[in-house]
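Have a look at the structure below, then the notes.
The values are calculated or read from the model by the stated rules, or taken from the named source; none is laboratory data. Small disclaimer: the values here were computed from a predicted structure and weren't measured. All Cβ positions, glycine included, derive from the backbone under ideal geometry; neighbour counts span all protein chains shown. Surface areas here come from the heavy atoms of the whole protein model, side chains and all, with no ligands, DNA or RNA. Shrake-Rupley method; radii C 1.70, N 1.55, O 1.52, S 1.80 Å.
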Amino acid sequence: MQTAAQLVVKCLEAHGVEFVFGIPGAKIDGVFNALNDSSIRLIICRHEQNAAFMAAAYGRLTGKPGVVLVTSGPGVANLATGLLTATTEGDPLVALGGSVSRSSHLREAHQNVNNVELMEPVTKSSTEVTSAENISEAITNAFRAASTLRRGASFISLPQDVLAEKTAVVPIKNIASPMYGAAHSELIIKAAKLINAAKMPVFLLGQEASRAENAKVIRTLLHEKPFPVVGTFQAAGTIPRDLQYLFIGRVGLFKNQPGDVLLEQADVVVTVGYNPVEYDPEIWNRRGKATVIHLAYRAADIHLTYQPEIELIGEIAETIKALQPQLVKRTNIPEIPEIKRLHDALFQQIEHGKSLQGKNGLIHPLRFIHELRTAIDDEVIIMCDIGTVYMWMARYFMSYEPRHLLFSNGQQTLGVALPWAIAAKLAYPHKKIISISGDGGFLFSSMELETAVREKCNFVHFVWTDGSYNMVLEQEVIKYKRKSGVELGTINLLDYAHAFGAKGFELTKPEDFSEILQEAFAQKCPVLINVPIDYSENPGLFIDANPNSGN
């Protein structure tokens, strides 16, 4: 016999859990106590939202659900943003939350809340265990829901009295997620005919395209049968260096990129692993002219501007393998004038950053991007926060390995970068990790710097500082010709870093970038690097935006 709390931990062990991220409390302390006798590494965080961010990043990077463990009431409520972000963006995560005893469910009781109803809108699965006999089943099904495509967050509520019960139940073994085959062969043939007959077919890669197994077969397809390619922000890294000549960049938020022009001209658009939440079809397909082929794990979410002619539903990798031999090889892609013009426009803009000097002694975003790309290899993992820093990086930083450049795209959640960096370093301790945020987003989660120091996570975090919520500022000025509620005070980032036992540097000259980064990577603790940034050219990021649309 064992307590149900001990069984919870044994179930997590049976599912191969390496880390649990969380914050303890009285309603869930039985599980924390049982973790003392487990091989699972417990990462105590400073806020439940950040614990969820860490678990989600672990899930996105490894493909295995990350686990977050919190107490009742505000502990569970603080998970909401993290679980919403994970579910929207396809990150597998299992959340365990404490609850009051069953006898208090219908009373005004301390920290009482209906956990299941609270979590239902932000998860794929939300349930409460009402008997110790059901714990093993509940945890197994939560892992399966989180892992089944499209991935996301699962939540289990654990009443305090249930965790104290005795049970002889044993953990259910880790059952592999179901595998699906390729899409129907007749539809694959039909799709190939449409693509082969098209004058300007374009592949639009979405978030699921950047999964390692999918990126591999996409690369094989494009090596054998070249097509022009555009990606969403979360498809970063799918296209390798030797296929860069096919890449017309990333698109998202505002319709003003070379990739947007190409999508406008395409007569057939093949979306691969695309979720409309990444980039509204109402923006990129406003005219609805192109024939859309939807290649994904599940049926399309139909919009007026997203009505696929064919849906290829199944395992993405298997469907692409079956589609590839049906396609006609096009050898003239680089010579097509419009594709060459758009490709050159993008990469000339990126190259322009090499010589840019910011105004008033500040650093221009494109110069930062150039120096960063020059200073690191393709194996460095970069986590990018939200704000105009995200727009510059998503458009102009080229990444060549899947899921080595991470964004919160579907929800655009502020504060993810630093917690993500902690999770990345724990998952891949021998890899170099860089995170980047604006000064607004940084303070959403900067308290986790103490967590990083305590857990000996040596990564580098750049902070682009300008003293404002700049992305909001720019949109306000476009819409109202003035700003409101976006100006921030200043902080001394070097002193802030030292207060937590980290290191702090300041980058004031782009010529010093490589030297400072090398010194930062040599430290045995996390490093903050303050970057006074020149945002004077930010209005160009929004230049073609509909001022009434909002984002």
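Among the helices (runs of 4 or more DSSP H) lying completely within the range 200-319, list those that include at least 2 residues that are touching a residue at least 40 places away in the same chain (Cβ under 8 Å) and open to solvent by 10 Å² or more (accessible area, probe 1.4 Å). Before the answer, list the steps.
On the way: elements: 212-224, 258-265, 281-284.
Per the criteria, 212-224, 258-265.
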| query | Can you tell me which residues in the range 155-189 are part of a helix (DSSP H, G or I) and touching an Asp or Glu at 6+ places or on another chain (Cβ under 8 Å)? | reply | Leu187
| remark: When (1) farther than 19 Å from Leu414 by Cα; (2) at pLDDT 95 or above; (3) open to solvent by less than 10 Å² (accessible area, probe 1.4 Å) are applied to Ala56, the one that fails is (1)
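Condition first: within 12 Å of His461 (Cα to Cα) and aliphatic (A, V, I, L, M). Now tell me which residues in the range 495-506 satisfy that.
Ala497, Ala502
Can you say whether Ala452 is surrounded by 21 or more Cβ atoms within 10 Å (Cβ to Cβ) and within 17 Å of the chain's Cα centre (by Cα), as far as the supplied structure shows? Break it down stepwise before answering.
Numbers: surrounded by 21 or more Cβ atoms within 10 Å (Cβ to Cβ): yes; within 17 Å of the chain's Cα centre (by Cα): no.
When the stated conditions are applied, Ala452 does not pass them.
Filter the range 320-334 down to the residues that are part of a helix (DSSP H, G or I) and either at pLDDT 95 or above or not β-branched (Val, Ile, Thr) (or both) and list them by number.
Taking the range 320-334 first, the residues part of a helix (DSSP H, G or I) are 320-326, 333-334.
Ile320, Lys321, Ala322, Leu323, Gln324, Pro325, Gln326, Pro334, listed by residue number.
If a residue has to be among the β-branched types (Val, Ile, Thr) and open to solvent by 10 Å² or more (accessible area, probe 1.4 Å) to count, how many in the range 59-69 make the cut?
First pass over the range 59-69, keeping only residues among the β-branched types (Val, Ile, Thr): 62, 67-68.
Retained after the next criterion (residues that are open to solvent by 10 Å² or more (accessible area, probe 1.4 Å)): 62.
The total comes to 1.
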| task | Hey, can you tell me all the residues within the range 404-447 that are over 24 Å from Ala499 (Cβ atoms) and either of a type in the set (Ser, Thr, Tyr) or within 13 Å of the chain's Cα centre (by Cα) (or both)? | result | His404, Leu405, Leu406, Phe407, Ser408, Asn409, Gly410, Gln411, Gln412, Thr413, Tyr428
| said: Just checking, does the range 506-523 include any residue being open to solvent by 50 Å² or more (accessible area, probe 1.4 Å), polar (S, T, N, Q), within 30 Å of Thr374 (Cβ to Cβ) and at pLDDT below 95? | reply: yes
| task | Return the residue satisfying two criteria in turn: it lies in the range 122-134 and is in a helix (DSSP H, G or I) and within 15 Å of Cys11 (Cβ to Cβ), and of such residues it is most open to solvent (accessible area, probe 1.4 Å). | result | Glu133
| note | Screening Val460, Val486 for residues that are over 28 Å from Leu517 (Cβ atoms), open to solvent by less than 70 Å² (accessible area, probe 1.4 Å) and not basic (Lys, Arg) leaves only Val486
| field | Close pairs (7 angstrom Cβ cut-off, 6 or more residues apart or separate chains): free of Cβ contacts under 8 Å to residues at least 60 places away in the same chain and farther than 23 Å from Ala86 by Cα in the range 117-138, open to solvent by less than 20 Å² (accessible area, probe 1.4 Å) and hydrophobic (A, V, I, L, M, F, W, C) anywhere | value | Thr130/Val162; Ser131/Val162
| message | Under 6 Å between Cβ atoms, which residue pairs at least 6 apart in sequence (or on different chains) link something in the range 464-477 that is closer than 17 Å to Gly489 by Cα with a partner that is of a type in the set (A, V, I, L, M, F, W, C) and surrounded by fewer than 21 Cβ atoms within 10 Å (Cβ to Cβ)? | response | Gly467/Leu488; Ser468/Val486; Ser468/Leu488; Tyr469/Val486; Val472/Val486; Leu473/Val486
| request: Say whether the condition of being under 23 Å from Ile369 (Cβ atoms), open to solvent by less than 40 Å² (accessible area, probe 1.4 Å) and in a loop (DSSP other than H, G, I, E, B) is met by at least one residue in the range 416-434. | output: yes
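Out of contact with any strand residue (DSSP E or B) (no Cβ under 9 Å at 6 or more places or on another chain), outside any loop (DSSP other than H, G, I, E, B) and under 25 Å from Asp29 (Cα atoms), is that true of Glu137? Break it down stepwise before answering.
Details: out of contact with any strand residue (DSSP E or B) (no Cβ under 9 Å at 6 or more places or on another chain): yes; outside any loop (DSSP other than H, G, I, E, B): yes; under 25 Å from Asp29 (Cα atoms): yes.
Against the criterion (out of contact with any strand residue (DSSP E or B) (no Cβ under 9 Å at 6 or more places or on another chain), outside any loop (DSSP other than H, G, I, E, B) and under 25 Å from Asp29 (Cα atoms)), Glu137 qualifies.
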| note | Selection from the range 373-393 of residues crowded, with 24+ Cβ neighbours inside 10 Å, part of a helix (DSSP H, G or I) and hydrophobic (A, V, I, L, M, F, W, C) yields Val389, Trp392, Met393
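With open to solvent by 20 Å² or more (accessible area, probe 1.4 Å), of a type in the set (Ser, Thr, Tyr) and under 22 Å from Leu163 (Cβ atoms) as the only criterion, which of Ser72, Ser38 stands out?
Values: Ser72 fails: open to solvent by 20 Å² or more (accessible area, probe 1.4 Å).
Only one candidate qualifies: Ser38.
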